[in-house]
Amino acid sequence: DAGITQSPRHKVTETGTPVTLRCHQTENHRYMYWYRQDPGHGLRLIHYSYGVKDTDKGEVSDGYSVSRSKTEDFLLTLESATSSQTSVYFCAINHRQERTEAFFGQGTRLTVV
Amino acid sequence: DQQVKQNSPSLSVQEGRISILNCDYTNSMFDYFLWYKKYPAEGPTFLISISSIKDKNEDGRFTVFLNKSAKHLSLHIVPSQPGDSAVYFCAASVSGGSYIPTFGRGTSLIVHP
């Protein structure tokens, strides 16, 4: 199994508060991604990283920011959480550069009340 | 605008029969296609992939077929087993780019004993 750890696994937070989700990998892979999964929408890309300090926006990036100061860590921040950001968040890493078999973490269930 | 479409939200199959899950894509730049399987409360796991230079790839009970002219791929599971009950996501990507898989909305497969 790819070494990907997401923390926390579950979180309940109040509207308007900042929240940071962490993705940690032990595989030294270059590419890391944050997706959110919602019923009827599948997996949608929020942000991705193609190296340390190299990040870019995905399909649903509004309200989210990311940082990657080390190869192994990719942080997703909700600056001011809203109820529409209640979701399951998945981090993924790219296994090999020439292929796109991304490997996923176990997910973080975030509830914004 | 969805670039990867899974038009069947759910599929029910009898154990031992064939399961056929379908996926259509609109972006002609996609050249690598993947299927992921997801159980509840777990992250998606890679199942099988196919490059655009092939039209078929087999791995045990799983076969993926690609019809580039129709921009259509399908996943065949033969024989289906109750343990195959899960949500299946189709994904597509462009090689040489940021290796970002774009996902469909998923098909929930239920295999009845």
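Below is a table of values for the structure above.
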item	result
Lone unmet requirement of (1) modelled with pLDDT under 95; (2) surrounded by 15 or more Cβ atoms within 10 Å (Cβ to Cβ) for B:Ser80	(1)
Meets criteria (exposed (fewer than 14 other Cβ atoms within 10 Å of the Cβ) and hydroxyl-bearing (Ser, Thr, Tyr)) for B:Ser93	no
Count of residues meeting criterion [more than 13 Å from B:Ala91 (Cα to Cα), buried (at least 18 other Cβ atoms within 10 Å of the Cβ) and within 14 Å of the chain's Cα centre (by Cα)] in the range B:39-62	0
Single unsatisfied condition, A:Gln97 versus (1) at pLDDT 95 or above; (2) surrounded by fewer than 16 Cβ atoms within 10 Å (Cβ to Cβ)	(1)
Residues (within 23 Å of B:Gly16 (Cβ to Cβ) and hydrophobic (A, V, I, L, M, F, W, C)) located in the range B:48-91	B:Ile48, B:Phe62, B:Val64, B:Phe65, B:Leu75, B:Ile77, B:Val78, B:Ala86, B:Val87
Every pair of residues 6+ apart whose Cβ atoms lie under 7 Å, when the first sits in the range A:40-66 and is at positive phi and within 11 Å of chain B (Cβ to nearest Cβ) while the second is part of a strand (DSSP E or B) and of a type in the set (A, V, I, L, M, F, W, C)	A:Gly42/B:Phe89; A:Gly42/B:Phe103
Residue in the range A:88-103 that is farther than 26 Å from A:Val12 by Cα, hydrophobic (A, V, I, L, M, F, W, C) and more than 8 Å from every other protein chain (Cβ to nearest Cβ) present	no
Search result, residues across the range A:18-77 that are within 21 Å of B:Ser93 (Cα to Cα), modelled with pLDDT of 95 or more, outside any strand (DSSP E or B) and out of contact with any His (no Cβ under 7 Å at 6 or more places or on another chain)	A:Val60
Residue check, B:Tyr25 under 19 Å from A:Pro39 (Cα atoms) and out of contact with any Pro (no Cβ under 9 Å at 6 or more places or on another chain)	no
Matching residues in the range B:11-52 - criterion: being part of a strand (DSSP E or B) and more than 12 Å from every other protein chain (Cβ to nearest Cβ)	B:Leu11, B:Ser12, B:Val13, B:Gln14, B:Ser19, B:Ile20, B:Leu21, B:Asn22, B:Asp24, B:Tyr25
Residue in the range B:92-105 that is more than 12 Å from every other protein chain (Cβ to nearest Cβ) and either within 14 Å of the chain's Cα centre (by Cα) or within 29 Å of A:Arg30 (Cβ to Cβ) (or both) present	no
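The values are calculated or read from the model by the stated rules, or taken from the named source; none is laboratory data. Just so it is clear, the model here is predicted, and its values are computed rather than measured. Every residue, glycine among them, receives a Cβ derived from its backbone with ideal geometry; neighbour counts consider all protein chains shown.
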